[in-house]
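Take a look at the structure below.
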Amino acid sequence: MRYQYQPLNLVEFFSAFPTQEACEYHLIRVRWPKGMVCSKCGKEAIYGRIHLRRAYQCRSCRHFNYPTAGTIFHKTRTSLQRWFLAIFLIASDKRGLSALHLSKQIRVDYKTAWAMLQRIRHAMAKRDAQYKLSGSVELDEMFIGASTEGKKRGRGTEQTPVLVAVSFVSGKKEKEYMGFAKMRAVKKINKETVLKFANDTVEHGSRVRSDGLRVYLTLEKYGFAHEPLTIKKRKAHIMLPHVHTYISNLRSFVMGTFHGLDETHIQHYLDEFCYRFNRRKRYPELFDRLLLACLEKGEIPFPALTP
Ligand SMILES: [Zn+2]
(Lines give C-alpha, C1' and ligand atoms only; values in the text may rest on other atoms or scores of the structure.)
Protein backbone atom coordinates (compact mmCIF):
# COMPACT_ATOMS: atom_id res chain seq x y z
CA MET A 1 0.00 0.00 0.00
CA ARG A 2 1.37 3.39 -0.97
CA TYR A 3 1.72 5.76 1.91
CA GLN A 4 -0.49 8.83 1.64
CA TYR A 5 0.91 12.21 2.59
CA GLN A 6 -1.22 14.28 4.93
CA PRO A 7 -0.87 17.97 5.64
CA LEU A 8 -1.10 18.58 9.40
CA ASN A 9 -1.74 21.46 11.72
CA LEU A 10 -0.87 21.39 15.41
CA VAL A 11 -4.32 20.19 16.53
CA GLU A 12 -4.27 17.38 13.97
CA PHE A 13 -0.72 16.56 14.96
CA PHE A 14 -1.68 15.89 18.58
CA SER A 15 -4.78 13.95 17.65
CA ALA A 16 -2.72 11.80 15.25
CA PHE A 17 0.17 11.30 17.69
CA PRO A 18 -1.21 11.51 21.22
CA THR A 19 1.17 8.93 22.71
CA GLN A 20 4.51 7.26 22.31
CA GLU A 21 2.74 4.14 21.00
CA ALA A 22 0.84 6.11 18.34
CA CYS A 23 4.15 7.51 17.07
CA GLU A 24 5.66 4.04 17.09
CA TYR A 25 2.78 2.56 15.08
CA HIS A 26 3.04 5.37 12.56
CA LEU A 27 6.79 4.83 12.26
CA ILE A 28 6.26 1.10 11.67
CA ARG A 29 3.54 1.79 9.08
CA VAL A 30 5.78 4.19 7.16
CA ARG A 31 8.91 2.03 7.44
CA TRP A 32 7.29 -1.30 6.71
CA PRO A 33 4.15 -0.63 4.67
CA LYS A 34 3.68 -4.38 4.19
CA GLY A 35 4.21 -5.24 7.85
CA MET A 36 7.25 -5.27 10.13
CA VAL A 37 9.93 -7.77 9.21
CA CYS A 38 12.09 -9.50 11.85
CA SER A 39 15.70 -8.37 11.51
CA LYS A 40 16.92 -11.85 12.52
CA CYS A 41 14.71 -14.42 10.78
CA GLY A 42 13.32 -12.11 8.08
CA LYS A 43 9.78 -13.32 8.64
CA GLU A 44 6.77 -11.08 8.67
CA ALA A 45 5.82 -12.56 11.97
CA ILE A 46 3.15 -11.34 14.35
CA TYR A 47 4.78 -9.31 17.04
CA GLY A 48 4.16 -8.76 20.71
CA ARG A 49 5.19 -5.36 22.03
CA ILE A 50 7.46 -5.44 25.08
CA HIS A 51 6.30 -2.34 26.89
CA LEU A 52 9.35 -1.38 28.93
CA ARG A 53 11.87 -2.04 26.19
CA ARG A 54 10.18 -0.18 23.31
CA ALA A 55 10.75 -3.46 21.47
CA TYR A 56 8.67 -5.98 19.57
CA GLN A 57 9.36 -9.65 20.06
CA CYS A 58 9.20 -11.89 17.01
CA ARG A 59 6.73 -14.74 17.60
CA SER A 60 8.75 -16.96 15.29
CA CYS A 61 12.30 -16.71 16.66
CA ARG A 62 11.69 -14.66 19.86
CA HIS A 63 14.17 -12.00 18.71
CA PHE A 64 13.68 -8.45 20.00
CA ASN A 65 13.14 -5.93 17.21
CA TYR A 66 13.40 -2.20 17.80
CA PRO A 67 11.36 -0.16 15.31
CA THR A 68 13.76 2.77 15.62
CA ALA A 69 16.91 0.69 14.97
CA GLY A 70 18.88 2.13 12.06
CA THR A 71 17.16 5.53 12.27
CA ILE A 72 18.36 8.80 13.78
CA PHE A 73 15.93 8.24 16.68
CA HIS A 74 17.63 5.12 17.92
CA LYS A 75 19.57 5.16 21.18
CA THR A 76 18.56 8.72 21.95
CA ARG A 77 16.87 9.40 25.27
CA THR A 78 14.33 11.67 23.70
CA SER A 79 10.85 10.19 23.32
CA LEU A 80 9.55 9.46 19.87
CA GLN A 81 6.71 11.91 20.42
CA ARG A 82 9.20 14.73 21.06
CA TRP A 83 11.09 13.72 17.94
CA PHE A 84 7.88 13.79 15.91
CA LEU A 85 6.99 17.19 17.34
CA ALA A 86 10.47 18.51 16.52
CA ILE A 87 10.11 17.30 12.93
CA PHE A 88 6.65 18.85 12.75
CA LEU A 89 7.94 22.22 14.04
CA ILE A 90 10.94 22.19 11.71
CA ALA A 91 8.75 21.27 8.75
CA SER A 92 6.20 24.00 9.60
CA ASP A 93 8.67 26.81 10.15
CA LYS A 94 9.62 28.18 6.76
CA ARG A 95 12.47 30.24 8.13
CA GLY A 96 14.27 27.43 9.93
CA LEU A 97 14.14 26.77 13.64
CA SER A 98 16.90 27.60 16.12
CA ALA A 99 18.06 25.05 18.68
CA LEU A 100 17.12 27.48 21.46
CA HIS A 101 13.56 27.84 20.21
CA LEU A 102 13.23 24.09 19.71
CA SER A 103 14.53 23.40 23.23
CA LYS A 104 11.80 25.65 24.70
CA GLN A 105 9.03 24.28 22.52
CA ILE A 106 9.62 20.61 23.27
CA ARG A 107 11.09 21.09 26.77
CA VAL A 108 14.51 19.54 26.35
CA ASP A 109 17.84 21.12 27.23
CA TYR A 110 19.72 23.16 24.65
CA LYS A 111 22.34 20.48 23.96
CA THR A 112 19.65 17.88 23.24
CA ALA A 113 17.74 20.25 20.94
CA TRP A 114 20.94 21.17 19.12
CA ALA A 115 21.83 17.49 18.58
CA MET A 116 18.29 16.76 17.36
CA LEU A 117 18.48 19.60 14.84
CA GLN A 118 21.88 18.39 13.66
CA ARG A 119 20.60 14.85 13.21
CA ILE A 120 17.61 16.09 11.24
CA ARG A 121 19.85 18.27 9.06
CA HIS A 122 22.06 15.25 8.39
CA ALA A 123 18.95 13.37 7.28
CA MET A 124 17.97 16.27 4.99
CA ALA A 125 21.45 16.30 3.45
CA LYS A 126 21.45 12.56 2.87
CA ARG A 127 18.04 12.69 1.24
CA ASP A 128 19.07 15.52 -1.10
CA ALA A 129 22.34 13.77 -1.98
CA GLN A 130 20.27 11.07 -3.71
CA TYR A 131 19.44 13.49 -6.49
CA LYS A 132 21.64 15.33 -8.98
CA LEU A 133 20.79 18.43 -10.93
CA SER A 134 20.28 17.92 -14.65
CA GLY A 135 19.36 19.76 -17.84
CA SER A 136 20.39 23.41 -17.56
CA VAL A 137 22.30 24.56 -14.51
CA GLU A 138 23.78 27.86 -13.35
CA LEU A 139 26.93 27.67 -11.30
CA ASP A 140 28.39 30.45 -9.20
CA GLU A 141 30.08 31.15 -5.91
CA MET A 142 29.28 33.31 -2.92
CA PHE A 143 31.02 34.18 0.33
CA ILE A 144 29.33 33.97 3.67
CA GLY A 145 30.33 34.76 7.21
CA ALA A 146 31.06 37.96 8.97
CA SER A 147 34.04 39.79 10.28
CA THR A 148 35.84 37.59 12.76
CA GLU A 149 38.09 40.26 14.23
CA GLY A 150 39.49 39.04 17.51
CA LYS A 151 38.35 35.45 17.02
CA LYS A 152 40.68 32.51 16.77
CA ARG A 153 40.57 32.26 12.97
CA GLY A 154 42.59 35.43 12.64
CA ARG A 155 42.07 39.07 11.99
CA GLY A 156 40.04 40.81 9.37
CA THR A 157 37.23 39.40 7.39
CA GLU A 158 37.12 35.63 7.34
CA GLN A 159 34.53 34.43 4.92
CA THR A 160 33.70 30.95 3.76
CA PRO A 161 33.38 30.42 0.02
CA VAL A 162 30.28 28.52 -1.04
CA LEU A 163 29.66 26.96 -4.43
CA VAL A 164 26.07 27.23 -5.60
CA ALA A 165 24.32 25.37 -8.44
CA VAL A 166 20.72 25.99 -9.46
CA SER A 167 18.93 24.11 -12.22
CA PHE A 168 16.30 25.77 -14.38
CA VAL A 169 13.83 24.88 -17.08
CA SER A 170 12.65 26.92 -20.03
CA GLY A 171 8.98 27.71 -20.37
CA LYS A 172 6.92 29.64 -22.88
CA LYS A 173 8.14 32.93 -24.38
CA GLU A 174 11.73 32.22 -23.38
CA LYS A 175 10.83 32.38 -19.72
CA GLU A 176 12.93 30.31 -17.38
CA TYR A 177 11.97 28.79 -14.05
CA MET A 178 14.14 27.71 -11.16
CA GLY A 179 14.26 24.00 -10.47
CA PHE A 180 16.47 22.62 -7.72
CA ALA A 181 19.58 23.78 -5.91
CA LYS A 182 22.79 22.46 -4.35
CA MET A 183 25.38 24.22 -2.23
CA ARG A 184 28.75 23.35 -0.80
CA ALA A 185 30.93 25.26 1.62
CA VAL A 186 34.58 24.85 0.62
CA LYS A 187 37.95 25.95 1.96
CA LYS A 188 38.76 27.71 -1.29
CA ILE A 189 37.45 27.98 -4.79
CA ASN A 190 39.74 26.35 -7.32
CA LYS A 191 39.51 23.94 -10.26
CA GLU A 192 39.50 20.90 -7.97
CA THR A 193 36.71 22.02 -5.66
CA VAL A 194 34.57 23.25 -8.56
CA LEU A 195 35.02 20.00 -10.47
CA LYS A 196 34.29 17.84 -7.44
CA PHE A 197 31.19 19.88 -6.65
CA ALA A 198 29.97 19.62 -10.26
CA ASN A 199 30.68 15.87 -10.40
CA ASP A 200 28.84 15.24 -7.13
CA THR A 201 25.82 17.41 -7.79
CA VAL A 202 25.26 17.77 -11.54
CA GLU A 203 24.55 15.01 -14.08
CA HIS A 204 27.17 14.70 -16.80
CA GLY A 205 25.90 16.06 -20.09
CA SER A 206 24.10 18.95 -18.39
CA ARG A 207 24.45 22.45 -19.80
CA VAL A 208 26.31 24.51 -17.23
CA ARG A 209 26.24 28.30 -17.32
CA SER A 210 28.83 30.24 -15.34
CA ASP A 211 30.54 33.62 -15.25
CA GLY A 212 33.49 32.25 -17.20
CA LEU A 213 36.10 32.46 -14.47
CA ARG A 214 39.06 30.24 -15.16
CA VAL A 215 38.13 27.76 -12.43
CA TYR A 216 34.94 26.88 -14.28
CA LEU A 217 36.57 26.33 -17.66
CA THR A 218 37.78 22.83 -16.75
CA LEU A 219 34.18 21.60 -16.68
CA GLU A 220 34.07 21.24 -20.45
CA LYS A 221 36.78 18.56 -20.32
CA TYR A 222 34.85 16.49 -17.82
CA GLY A 223 31.55 15.85 -19.51
CA PHE A 224 29.67 19.11 -18.97
CA ALA A 225 28.51 21.36 -21.77
CA HIS A 226 29.93 24.56 -20.35
CA GLU A 227 28.64 27.95 -21.39
CA PRO A 228 30.98 30.59 -19.97
CA LEU A 229 29.54 34.10 -19.99
CA THR A 230 31.78 37.10 -19.69
CA ILE A 231 30.23 39.17 -17.03
CA LYS A 232 30.96 42.61 -15.76
CA LYS A 233 30.45 42.51 -12.04
CA ARG A 234 27.20 44.48 -11.84
CA LYS A 235 25.58 42.48 -14.60
CA ALA A 236 25.94 39.12 -12.87
CA HIS A 237 22.33 39.03 -11.70
CA ILE A 238 21.16 39.46 -15.28
CA MET A 239 23.41 36.84 -16.83
CA LEU A 240 22.95 34.27 -14.04
CA PRO A 241 19.50 35.24 -12.77
CA HIS A 242 18.52 31.98 -11.08
CA VAL A 243 21.60 31.43 -9.02
CA HIS A 244 21.52 35.10 -7.99
CA THR A 245 17.87 35.02 -6.93
CA TYR A 246 18.64 31.92 -4.93
CA ILE A 247 21.66 33.50 -3.24
CA SER A 248 19.69 36.61 -2.27
CA ASN A 249 16.96 34.40 -0.77
CA LEU A 250 19.60 32.58 1.22
CA ARG A 251 21.10 35.85 2.43
CA SER A 252 17.80 37.03 3.83
CA PHE A 253 17.08 33.58 5.31
CA VAL A 254 19.70 33.04 7.98
CA MET A 255 22.69 35.24 7.44
CA GLY A 256 22.87 36.17 11.10
CA THR A 257 23.28 32.54 12.03
CA PHE A 258 26.54 32.18 10.15
CA HIS A 259 28.60 34.45 12.38
CA GLY A 260 31.83 32.75 13.33
CA LEU A 261 30.86 29.30 12.09
CA ASP A 262 33.34 27.07 10.31
CA GLU A 263 32.54 25.52 6.94
CA THR A 264 31.40 22.17 8.41
CA HIS A 265 28.71 23.87 10.46
CA ILE A 266 27.82 26.29 7.70
CA GLN A 267 27.23 23.25 5.50
CA HIS A 268 24.48 22.01 7.84
CA TYR A 269 22.57 25.28 7.47
CA LEU A 270 23.09 25.21 3.72
CA ASP A 271 21.77 21.64 3.60
CA GLU A 272 18.63 22.69 5.45
CA PHE A 273 18.08 25.68 3.19
CA CYS A 274 18.57 23.53 0.08
CA TYR A 275 16.23 20.83 1.40
CA ARG A 276 13.45 23.37 2.02
CA PHE A 277 14.02 25.12 -1.29
CA ASN A 278 13.97 21.86 -3.24
CA ARG A 279 10.58 21.01 -1.68
CA ARG A 280 9.10 24.51 -1.72
CA LYS A 281 6.19 23.30 -3.86
CA ARG A 282 5.54 20.35 -1.55
CA TYR A 283 5.22 22.31 1.65
CA PRO A 284 2.10 20.45 2.99
CA GLU A 285 3.93 17.14 2.66
CA LEU A 286 7.03 18.28 4.46
CA PHE A 287 6.33 16.58 7.80
CA ASP A 288 5.90 13.17 6.17
CA ARG A 289 8.82 13.63 3.83
CA LEU A 290 11.11 14.76 6.61
CA LEU A 291 10.02 11.88 8.82
CA LEU A 292 10.81 9.49 5.99
CA ALA A 293 14.23 11.10 5.52
CA CYS A 294 14.92 10.64 9.25
CA LEU A 295 13.96 6.98 9.05
CA GLU A 296 16.37 6.41 6.20
CA LYS A 297 19.28 8.12 7.85
CA GLY A 298 21.24 5.71 10.05
CA GLU A 299 21.98 6.18 13.73
CA ILE A 300 24.40 9.03 14.45
CA PRO A 301 26.34 8.89 17.71
CA PHE A 302 26.71 12.28 19.39
CA PRO A 303 30.49 12.68 18.81
CA ALA A 304 29.87 12.38 15.07
CA LEU A 305 27.77 15.54 15.22
CA THR A 306 30.64 17.69 16.43
CA PRO A 307 33.50 17.17 13.98
ZN1 LIG B 1 12.27 -13.54 13.94
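The values are calculated or read from the model by the stated rules, or taken from the named source; none is laboratory data. Here the structure is a predicted model, which means the values were calculated and not measured. Methodologically, a virtual Cβ is constructed for each residue, glycine included, from the backbone with ideal geometry; neighbour enumeration extends over all protein chains shown. Quick note on the areas: whole protein, heavy atoms, side chains included, nothing else; ligands and nucleic acids left out. Shrake-Rupley method; radii C 1.70, N 1.55, O 1.52, S 1.80 Å.
Couple of notes before you dig in:
- The criterion of at least 2 residues that are at pLDDT 85 or above, more than 16 Å from the ligand (Cβ to nearest atom) and open to solvent by 70 Å² or more (accessible area, probe 1.4 Å) is met, among helices (runs of 4 or more DSSP H) falling completely within segment 1-111, by 10-16, 20-31, 99-105.
- Selection within segment 117-139 - open to solvent by 10 Å² or more (accessible area, probe 1.4 Å) and in a strand (DSSP E or B): SER136
- Meeting the requirement of 3 or more residues that are modelled with pLDDT of 90 or more, the helices (runs of 4 or more DSSP H) wholly within segment 228-307 are 241-254, 263-278, 286-296.
- The set of residues in segment 15-46 that are in contact with a helix residue (DSSP H, G or I) (Cβ under 9 Å, 6 or more places away or on another chain) and more than 22 Å from THR76 (Cα to Cα) comprises ALA16, GLY35.
- Residue identified as over 22 Å from ARG279 (Cα atoms), among the basic types (Lys, Arg) and over 27 Å from the mean Cα position of the chain (by Cα) among ARG77, ARG29, ARG49, ARG82: ARG49
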